[in-house]
Amino acid sequence: MQIAALILIATPAAGHELGLAQVEGTFRKDGTYVVEIVIDLAHLPRQSSVAAIAESARLVFDGVPARAARTEIIRNADARPLARVRLTGRTPAGVSAVAFADPALTSYFVVKFKSEGQQAPVIARWTDPGVTSSEHRLARAVVPLRRWRIVALYLALGFTHILPRGLDHVLFVLGIFLLSVKMKPVLWQVSAFTVAHTITLALTIYGIVSLPSTVVEPLIALSIVYVAIENVFTAKLHAWRPVVVFCFGLLHGMGFAGVLSEIGLPRSEFVPALLSFNAGVECGQLAVILAAFLVIGLPLRNKPWYRRRIVIPGSLAIATVGLYWAIERGGQAILPVLQR
């Protein structure tokens, strides 16, 4: 008798798949999901309604039911007796699995979930009415990170952008250090630099200001040249130096923004990620200064030949590298124009 009943259900006039509804969902790498409940109106019991099914539909993340951010009911435009309930929202941070539950579904249904980019075949999970479906394991790429993990990740990204990847920023900071090995004036300059690059980093990421990298990168290289050459021609820290460093920090902030644009920022944790990256950059800069102070400043700063043997040769070497970068980056910007 059971087999006969299944055969009767499996051969409706419209030729639909078994079950009152099919639940199909995709969990995307941007942290959002789209789940559709395709309802066979020909087999919808009189005591049920599409609105009731839409109202009671829940995604269950790691055992915790959650309403979708948006629920839409879409009627079929053609003659087929189908309706769709579309659920959209964001996947909660840090979850590992998802299931589906809907008490208003009074007949068995099938659930098909997949993670975007996942190569494994989609598995249909048959579910009895009133029962939560079995869990679908979500790929790591589609699950947003928890806030503390985002903070740790972007803090590390900011630090590694200075050490070991940001040699141009390292040379700029060393140029600041060489003019005065006393920590207080060095920290004043670094603070001015940090405030400046924080301003333009935020303004650039938010789209308020913008300069192409073909302009920013050569100017960053020239800022290194200027600071190094000033070290050669002056033996003391002038009042204008922090102002100059602040102005150059505005340029460097645009460079940091270019890196962040390539990495990307999570929309749900935009501000924590931005602040963490900037804090990581600051930690990287302070690490450079501390290393320079311990290796060069502390043991050598009182030597009578310190400026002649350390400051001037070191600054000239920094200026040479900066000038090479300025020419190279400027040439990369001009070459495409000349080739048109």
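Before moving on, here are some points about what is shown:
- Computed from phi, the 3J(HN,Hα) profile of the stretch 186-202 under the Karplus parametrisation 6.51, -1.76, 1.60 (θ = phi - 60°) reads 5, 5, 4, 5, 5, 5, 4, 5, 5, 4, 5, 6, 5, 4, 6, 4, 5 Hz, with x in place of Gly and Pro.
- Taking the square roots of five times each eigenvalue of the Cα gyration tensor of the stretch 228-316, the equivalent ellipsoid has semi-axes of 34, 16, 11 Å, listed largest first.
- Straight-line reach from residue 184: taking Cα to Cα under 30 Å and skipping same-chain neighbours fewer than 8 places apart, the lysines in range are 236, 303.
- Cα gyration tensor category, rounded, prolate or oblate, for the stretch 188-340 with a/c compared to 1.5: oblate
- The Kirkwood radius of the chain, taken over pairs of alpha-carbon atoms, gives through the Stokes-Einstein law at 37 °C and 0.692 mPa s a diffusion coefficient of 134 µm² s⁻¹.
- Each stretch of four or more DSSP H residues adds -39500 (n - 2.57); spread over every residue of the chain, this sum gives -16000 deg cm²/dmol at 222 nm.
- Using only alpha-carbon positions in the stretch 63-131, the gyration tensor eigenvalues give semi-axes of 22, 16, 16 Å once each is multiplied by 5 and square-rooted (largest first).
- Cα-based helix-to-principal-axis angle, 312-338 vs the chain, degrees rounded to 10: 50 degrees
- For the stretch 93-167, the solvent-accessible area works out to 56 Å² per residue, with a probe of 1.4 Å and every protein chain left in place.
- Accessible surface, the stretch 243-325, averaged per residue in Å² (probe 1.4 Å): 48 Å²
- What you get for the chain, charging only the Cβ of Lys and Arg (+1) and of Asp and Glu (-1), is a dipole of about 1260 debye around the Cα centre.
- Protein accessible area in the stretch 131-214, 1.4 Å probe - carbon and sulfur %: 67 percent
- In a simple Cβ point-charge model (Lys, Arg +1; Asp, Glu -1; nothing else charged), the stretch 255-333 has a dipole of about 600 debye relative to its Cα centre.
- Counted by Cβ distance under 14 Å from residue 34, the other residues give a net charge of +3, where Lys and Arg count +1 and Asp and Glu count -1.
- For the chain, the longest principal axis of the alpha carbon atoms and the long axis of helix 213-233 meet at an angle near 30°.
- Our coupling estimate for the stretch 99-107, obtained by passing each phi through the Karplus curve with A = 6.51, B = -1.76, C = 1.60 and θ = phi - 60°, is 9, 10, 9, 7, x, 7, 7, 9, 9 Hz, Gly and Pro reported as x.
- Interchain or long-range residues, amide H under 5 Å from residue 143's placed H: none
- Measuring gaps between exposed loop sites in the chain (GluC sites (Glu not before Pro); DSSP loop; at most 16 other Cβ atoms within 10 Å), the longest gap, sites not included, is 117-340.
- Taking the C-alpha atoms only, the angle from helix 270-292 to the longest principal axis of the chain is near 30 degrees.
- Listed residues 131, 278, 27: farthest to the positive end of the dipole of the chain (Cβ charges): 278
The values are calculated or read from the model by the stated rules, or taken from the named source; none is laboratory data. Because the structure is a prediction, the values reported are computed rather than measured. All Cβ positions, glycine included, derive from the backbone under ideal geometry; neighbour counts span all protein chains shown. The accessibility values were calculated without ligands, DNA or RNA, using every heavy atom of the protein model including side chains. Shrake-Rupley method; radii C 1.70, N 1.55, O 1.52, S 1.80 Å.
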